[in-house]
1. Would you confirm whether or not segment 516-523 contains a residue that is in contact with a Gly (Cβ under 7 Å, 6 or more places away or on another chain) and surrounded by 16 or more Cβ atoms within 10 Å (Cβ to Cβ)?
2. Going by the structure shown, is Asp212 assigned by TED's automatic domain parsing to the domain that holds Gly57, surrounded by fewer than 19 Cβ atoms within 10 Å (Cβ to Cβ) and in contact with a Lys or Arg (Cβ under 8 Å, 6 or more places away or on another chain)?
3. For segment 291-334, which residues satisfy the criterion of being under 16 Å from Ile532 (Cβ atoms) and of a type in the set (Val, Ile, Thr)?
4. Looking at segment 258-283, I want the residues that are in the same structural domain as Ala309 (by TED's automatic domain parsing) and in contact (Cβ under 8 Å) with a residue 40 or more places away in the chain and have a partner that is among the β-branched types (Val, Ile, Thr) and surrounded by fewer than 16 Cβ atoms within 10 Å (Cβ to Cβ) with Cβ atoms under 8 Å, at least 6 apart or on another chain. Which pairs are those?
5. Give Thr199, Thr194 a once-over and let me know the one that is among the polar types (S, T, N, Q) and either more than 21 Å from Leu164 (Cα to Cα) or at pLDDT below 95 (or both).
6. Do we find a residue being under 17 Å from the mean Cα position of the chain (by Cα) and at pLDDT 95 or above anywhere in segment 552-562?
7. Does at least one position in segment 563-573 carry a residue that is out of contact with any helix residue (DSSP H, G or I) (no Cβ under 7 Å at 6 or more places or on another chain), surrounded by fewer than 16 Cβ atoms within 10 Å (Cβ to Cβ) and within 22 Å of Ser228 (Cα to Cα)?
8. Please specify each residue of segment 46-101 satisfying the condition of being at pLDDT 95 or above, among the aliphatic types (A, V, I, L, M), under 35 Å from the mean Cα position of the chain (by Cα) and assigned to a helix (DSSP H, G or I).
Amino acid sequence: MMSNIPADPLTIVIDFDSTFTKVEGLDELARIALQGNPKQQEIVSKIREITDKGMAGEYLFSDSLRDRVALLPANRSHVDQLITFLKGKISDSFQRNKDFLEENADRILIISSGFKDFIVPVVEEMGIAADHVYANTFTYDAEGNITGYDQANLLSQDKGKVKLMQSLALEGEVFVIGDGITDYELRESGLANTFFAFTENVSRKAVTDKADYVVPSLDEFLYINGLSRAQSYPKSRIKVLLLENVHPAAVSAFKKEGFQVELLKGALDENELIEKIKDVSILGLRSKTSLTKKVLDHPNASRLMCVGAFCIGTNQIDLAECETRGIAVFNAPYSNTRSVVELSIGLMVMLTRDIFEKSTKMHAGIWDKSAKNSYEIRGKKIGLVGYGNIGTQISVIAEALGLEVYFYDIVDKLALGNAKKCKSLKELFGLADFISLHVDGRKSNTNIIGTQEFSWMKDHVIFLNLSRGHVVDIPALVHAIKSGKVWGAAVDVFPVEPKTNDEEFINELRGLPNVILTPHIGGSTEEAQANIGEFVPAKLLQFINNGSTYGSVNFPELQLPPLEDAHRLLHIHHNVPGILAQINHVFAKYHVNIIGQYLKTTEKTGYVITDVAKEYSEEIVNELKLINDTIKFRMLY
């Protein structure tokens, strides 16, 4: 669909250090050469300081180069090590667009104040010939030690890039991509038509302030200029909003792909979310932020494509409204299961042995060595309300510890081991010495445990809620504890929870004896949060990059093959008859070769993915968007 280089002559001048690669070559050469030297950190820091000042225009370049090389005790073997290192440090967006570099290598010049000795072997692997590289060169002694550099080279001098470009006398347009003031000087001198400040690896205000465009990736440069590229739409233009301090692994996953990422530590209410969701395409949240119809109705949410719940539950998200708007929602149904299970078992033991009360006394200096009100859990009966992923794991572990397991679930579930299913909550509560809640957060589960349900329980029962805060009537629980019906309780979730750690936790359960209160940490282990931080972004990225919806909780599920040598057109629509026929009529009308096509529907929504040959008319895209009942259309390549 897009051209490579336009018909008019165009030369693209690209800097090397911190542009083509993620690092500064001389800095890294110093680090390598000084391995084991006690002054390594001191010397490398000094070289980097000079580099930064030179790139920001605070240091004459000739002085900067002279002073850095003078500090550099390196030889050819160190240069060879640097070459290997730099081949692994090519900027991500350059790696993605290797095809563009190879196809247009005759129009690309690498002009660098660095050194050909290590630049040429790196760029050659990306398809750029050595005679298109302009850079300094080291001088060596007989033993291969670096003694200096060729001072006759124009690029070793002040305004060296300007002098070199003047000598080249290029015709046609010249675009410059770089991160330093010496790159901008080509634009300032009139030798380049446009300067693009490249900020994927480093951003210098002195440079970005002067740029015609600030480009956070090569994808952005190619997109601006209508050139062929690996990404149909630059990810640097796609905003990701992550709330409630999700794991750093999630932030890293999106940043590595080049997205704009904003991380907030706390939850947001409706109005706050409406404000922050403006221009956001990917939203990540946990249990305390609600994505409601009010939020989705607001124009600020118009760009939202997908949502990740960094937890098990999705009741805080209006799934139906998201589906209606073509927004796919993903969660982490298994990632923190083990963490909740282990905490549940641990709390049971602590309450049965009266550990919490004894520990409190010990901290007050009271030695209360006694077996009174201290029991084993072996031989007791546990009643599980909810027999899903968490309930079934507790069932297995509890039985291994010698408990008799009973459970109740509104859905018919296969009992594991010797567990027995009860026909009603009343039956379950009449049997159990321990009651542990593991139900989901749907509205119909509000206050399912109240005064009547506590009256069905055995006297001196131990009660645990690690599911959802609104499933238990708190005043009824408080009364049950004070009356002795509930001997001990452990509660991890509450109807109203602080949005941040700075807010006070207010609840009637505070201060009651033999009650363990935890701040919604059932799934808050390093292992669980790391698993969630990797699992949820992977699902979101599969949807954004590939169109796959496998694992979505509200969308037609499709697991798609990788996109290879084709363009992928994704059409989300209301599930009404004839849409697929209309889509294929458009392809037939324009004689488009279909390589693969995939369709999946729910009751309300249809999702058609079509892989087509790369050459097709722009009019096709417009006609597909205009098909009646279209919700969203997207193109990937």
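1. First, pick out the residues of segment 516-523 that are in contact with a Gly (Cβ under 7 Å, 6 or more places away or on another chain): none.
No, because not a single residue in segment 516-523 is in contact with a Gly (Cβ under 7 Å, 6 or more places away or on another chain) and surrounded by 16 or more Cβ atoms within 10 Å (Cβ to Cβ).
2. Details: assigned by TED's automatic domain parsing to the domain that holds Gly57: yes; surrounded by fewer than 19 Cβ atoms within 10 Å (Cβ to Cβ): yes; in contact with a Lys or Arg (Cβ under 8 Å, 6 or more places away or on another chain): yes.
So Asp212 fits the description; yes.
3. Val307, Ile312, Thr314, Ile317, Val329
4. Matching pairs, first to second residue: Lys265/Thr500; Gly266/Thr500; Ala267/Thr500.
5. Details: Thr194 fails: either more than 21 Å from Leu164 (Cα to Cα) or at pLDDT below 95 (or both).
Just one listed residue meets the conditions, Thr199.
6. From segment 552-562, those under 17 Å from the mean Cα position of the chain (by Cα) are 552; that's our starting set.
Subsequent filtering for residues that are at pLDDT 95 or above retains 552.
Yes.
7. The first filter runs over segment 563-573 and keeps only residues out of contact with any helix residue (DSSP H, G or I) (no Cβ under 7 Å at 6 or more places or on another chain), leaving 564-568, 570, 572.
Adding the requirement that they be surrounded by fewer than 16 Cβ atoms within 10 Å (Cβ to Cβ) leaves 564-565.
Restricting the remaining residues to those that are within 22 Å of Ser228 (Cα to Cα) gives 564-565.
Yes, segment 563-573 contains a residue that is out of contact with any helix residue (DSSP H, G or I) (no Cβ under 7 Å at 6 or more places or on another chain), surrounded by fewer than 16 Cβ atoms within 10 Å (Cβ to Cβ) and within 22 Å of Ser228 (Cα to Cα).
8. Correct list: Leu82, Ile83, Leu86, Leu101.
The values are calculated or read from the model by the stated rules, or taken from the named source; none is laboratory data. As the structure is a computational prediction, the values presented were derived from the model and not from experiment. With ideal geometry, Cβ positions are generated from the backbone for all residues, glycine too; neighbour counts draw on all protein chains shown.
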